[in-house]
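Data first, discussion second: the structure below is written as structure tokens.
What follows is calculated from the coordinates using simple rules that are stated; it is not laboratory data. From a predicted model like this one, the values you see are computed outputs, not experimental measurements. Because the Cβ atoms are built from the backbone with ideal geometry, glycine has one as well, and the counts that use them run over all protein chains shown.
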Amino acid sequence: MRAAATVATMLAAVLALGTARAPAAGGPPAEIAPASVTERGATIERRVTAPMGWEPGVPIELDVRVTLPEGASVAFEPAGKTLGAFDVRDARVTPAAPGEPARFRVTLVAWEDGELEVPAVTATVALADGTKVPLASPVAAVTIGSLVGEDVPLTELAAGDIRDAIEIDDGRWIWWLAAGLAAAGALGFTWWLMHRGRPVPVEPPLPPHAWAMRELARLASDDLPARGEVDAFFVRLSSIVRTYIEGRFGIAAPDRTTQEFIREASRHPDLSGDHGRALADFLRSADMVKFAAARPAADACGDTLDRMRAFVDATAPREEAAP
């Protein structure tokens, strides 16, 4: 708030000083003498006026008029955001009317002082016979005066005219900033003290048979055989079974061929008899699908999945087996 008040006070002082010292009479005229160019019967005329004076930030009106011969038309070059050293604030085109010229009026604003040049505005006249005639308005030189006058040094203005309005920032905001940062740091340190050393909960791994049952249920829900993806179904099913065997019985199933795995599994007491035969039958049928292009029907795939689910349930540890 203090900074805003100081800026407002300075601006008011500058405007008041500039107004007081601006020449009341004999100063720059409010209008530059009109100038025109004529080509093939078409005349382009330029007029530049400054109703509020030739000062930075004050609107300047540029009026370009084109008088056309019979049956001709004119198109002005579109106005951009700037025209030379001036900002374009408004641009209006008035088409030619009977007895009246076409007009292109632009409001310009200069932010610099000194000698500036209003560039030419271009237009294209289409004559009645189709000939295109380019026209450019004459360039205008204008003098933009300083708001405070050329005879007033800025050091004198700052040290004399507004000396009593200047306030020095006492830097009190720095202490508020430091207090806020200290409070944020204290909160962060308190949070760290409350949470340090707290063990991160880790989900215990599933037993092999529980993991296998979960994966078999996911495989069943994907319903790959119904979508014609029999190969993918048997690849996933055999991977689930082999991973379960490795975790449950300590046999490196994924790294062995089917025959090597069957021989190794048959030596385990829990995989002898019916369990071993069911496992061997499944692995051979899976190989037929993967390597011999066998294509069991969807219901046959479902039966195979049910047999493997029963196999996992039957070979799970009795104290951990699901009901």
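Residue by residue through the stretch 75-88, which ³J(HN,Hα) values in whole Hz follow from phi under the Karplus form 6.51 cos²θ - 1.76 cosθ + 1.60 (θ = phi - 60°), with glycine and proline marked x? Working through the residues one at a time gives 10, 8, 5, x, 7, x, 7, 9, 9, x, 8, 10, 7, 8 Hz. Between Val93 and Thr43, the C-beta separation translates, for a Förster distance of 22 Å, into a calculated FRET efficiency of about 0.80. Between Ala210 and Arg318, what is 0.36 nm times their sequence separation minus the Cα-Cα distance? Round to one decimal in nm. The Ala210-Arg318 span can extend by a further 37.6 nm.
Provide the FRET efficiency to the nearest 0.05 for the Ser221-Met288 pair, computing r from the beta carbons and using R0 = 22 Å. After rounding to 0.05, the efficiency reads 0.30. How much net charge surrounds Val66 when only the other residues with a Cβ under 13 Å from the Cβ of Val66 are counted, with Lys and Arg +1 and Asp and Glu -1? Around Val66, the surrounding residues sum to +1. Each of Val118, Val230, Val139 was scored by other Cβ atoms within 10 Å of its Cβ. Listed from fewest to most, they are Val139, Val230, Val118. Annotation: the residues Met308, Met52, Met288, sorted from fewest to most other C-beta atoms within 10 Å of their own C-beta, follow the order Met52, Met288, Met308. Of all the Cα-Cα pairs you can form in the stretch 208-315, what percent are over 16 Å apart? Result: 54 percent of Cα pairs exceed 16 Å. Couplings for the stretch 214-225, taken from phi via the Karplus curve 6.51 cos²θ - 1.76 cosθ + 1.60 with θ = phi - 60°, read 5, 5, 5, 5, 5, 4, 5, 5, 6, 6, 5, x Hz in order; Gly and Pro are left as x. For the pair Leu193 and Ser272, label points projected 7 Å from Cα toward Cβ lie 6.6 nm apart. Counting every other Cβ atom within 10 Å of each residue's Cβ, Ser239, Ser221, Ser272 order from fewest to most as Ser221, Ser272, Ser239. With R₀ fixed at 51 Å, the C-beta to C-beta distance from Ala141 to Leu177 puts the FRET efficiency at about 0.50. Taking a sphere under 10 Å around the Cβ of Asp90 and counting the other residues whose Cβ falls inside, with K and R at +1 and D and E at -1, yields a net charge of +2. Evaluating kT/(6 pi eta Rh) at 37 °C and 0.692 mPa s, with the Kirkwood radius of the stretch 29-144 over Cα pairs in the Stokes-Einstein relation, gives 225 µm² s⁻¹. Under the criterion of Cα pairs below 8 Å and six or more residues apart, the relative contact order for the stretch 32-133 equals 28 percent.
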